[in-house]
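Data block below; observations after.
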Amino acid sequence: MIEPFVDGQVREGVISYGLSSYGYDVRVTDHFKIFTNVHSAVVDPKHFDPQSFVDFHGDICVIPPNSFVLAQTVEYFRIPRDVITICLGKSTYARCGLIVNVTPFEPEWEGYVTLEISNTTPLPARVYANEGIAQVVFFHADEACEVSYADRNGKYQKQQSIVLPRI
């Protein structure tokens, strides 16, 4: 269901990741899309301008004040038909004013997760690549769902990179 899978919690000198008590702490890769408004665009989920982002690769991404980045998990997920997840930001980042926003991973969704990390502070904030960023909590249903994400041909199925909003 998760590749690569770390079967315990890695904590020494990093923001923790790996298997936790009732979930799994995911990491982000070193590829980020930093939101910028140099073109004075209007943020519109139906017509999102890809030029609103600057690509950045590195071990530390600095998020501008009151802005956000998109990132991708190190882990690839294959969610079973009888499981749904909720993804929540780690408290280490939340205590610094950084909020991770991700929608649930629906039954039979598959791919790398695109995360949105918001800096709610008036100061620049750091995010560390290849370290923990969020926890995925899994809920197992008593029976499989009638219609899965795969059945609906979901628009974010089998993501291989950071994916911008789609209609």
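Quick note: the coordinates plus some simple rules give every number you see, no bench work behind them. Quick caveat, the model's predicted, so the values are computed rather than measured. Here the Cβ is made from the backbone with ideal geometry for all residues, glycine too, and neighbour counts use every protein chain on show.
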query: Any idea what the relative contact order of the chain is, in percent, if you count C-alpha pairs under 8 Å spaced at least 6 apart?
result: 29
- request: Specify the residue with the greatest mean-square fluctuation among 44, 30, 55, computed from a Gaussian network of the chain linking alpha-carbon atoms under 10 Å apart.
  value: 44
- request: Filter the chymotrypsin sites (Phe, Trp or Tyr not before Pro) in the range 1-41 to those in DSSP coil with at most 16 other Cβ atoms within 10 Å of their Cβ, and list the result.
  value: 5, 22
- prompt: Stretch residue 101-residue 19 to full length: gain in nm at 0.36 nm per residue minus the Cα-Cα span?
  reply: 27.5 nm
Dipole moment magnitude, nearest 20 debye, the range 79-118 about Cα centre, only Lys, Arg, Asp, Glu C-beta charged: 300
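Taking 25 Å as R0, compute the FRET efficiency from the Cβ-Cβ separation of residue 157 and residue 3 and round it to 0.05.
Calculated value: 0.90.
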task: Using only the Cα atoms of the range 41-81, build the gyration tensor, take square roots of its eigenvalues as a ≥ b ≥ c, and label the shape rounded, prolate or oblate: rounded if a/c is under 1.5, else prolate if a/b is larger than b/c, else oblate.
output: oblate
Loop trypsin sites (Lys or Arg not before Pro), the range 90-167 (other Cβ atoms within 10 Å of the site Cβ: 15 or fewer; DSSP): 95, 152, 155, 158, 166
task: Pick out which of 41, 150, 129 has the largest mean-square fluctuation in a Gaussian network model of the chain, springs linking Cα atoms closer than 10 Å.
output: 41
- prompt: With a ≥ b ≥ c the root eigenvalues of the C-alpha gyration tensor of the range 75-167, is it rounded (a/c under 1.5), prolate (a/b larger than b/c) or oblate?
  reply: prolate
field: Leading residue at positive end of dipole, the chain (Cβ point charges), from 17, 64, 107
entry: 64
- line: Residue-normalised 222 nm signal for the chain, counting each DSSP H run of n ≥ 4 as -39,500 (n - 2.57), nearest 500 deg cm²/dmol, is -500 deg cm²/dmol
task: Starting from the Cα-Cα distance between residue 47 and residue 137, subtract it from 0.36 nm times their residue separation and give me the gain in nm to one decimal.
output: 29.2 nm
- line: Candidates 69, 14, 136; GNM for the chain (alpha-carbon contacts under 10 Å) flags as most fluctuating 14
